[in-house]
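What follows is a single structure, written as structure tokens, with notes after it.
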Amino acid sequence: MRIFFSILSLLYIAAIFILAESHVVDTLSEFNAYSLLHIPLYGILACLLVLSMVPITRGFRGASIQPGSDPRRLPSEETKGLNLRLFLAGAIALVVAIFDEIHQLYVPGRDGSAIDAVLDMAGIAIALLLCFRLLKTRFSKYTK
């Protein structure tokens, strides 16, 4: 499944850059006066990247519960692994967002915007928070 989401992530990134040069953007801009579509656009990308890095069929390898420990809490080692994966997914999504804004500087009729980059970061942050909550909850099911 991780390979599937990796390929899907790459296709999604390609679509972002292809659509940046498309006339579809002009049509969407009529309904998107404040560029708010950047939030779900990069939120979805962040989720796809997380799914390409995190095992989704089983709990994390090496997961174990010590007697007397709280099964709702992630062991610190597993939390570090999850945090690293989320950080990498967010960093990759942020790099894509920055390159997309730079790319738009060279597209006739488009311009890169710092506000768009901030909206991209907001979408990435929201998605990563949701992914963390869902994965933490899902992981705790495997450790009970």
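Quick note: the coordinates plus some simple rules give every number you see, no bench work behind them. The shown structure was predicted, so the numbers you read here are calculated from the model rather than taken from an experiment. Cβ coordinates were reconstructed from backbone atoms using ideal geometry, including for glycine residues, and neighbour counts include every protein chain displayed.
The gain in end-to-end length when the Ser22 to Ile98 segment is fully stretched comes to 25.5 nm, 0.36 nm per residue minus the alpha carbon separation.
With the simple model of a label 7 Å out from the Cα in the direction of the Cβ, Leu105 to Ser6 spans 3.2 nm. Sorted fewest first by neighbouring Cβ atoms within 10 angstrom, Glu21, Glu101 come out as Glu21, Glu101.
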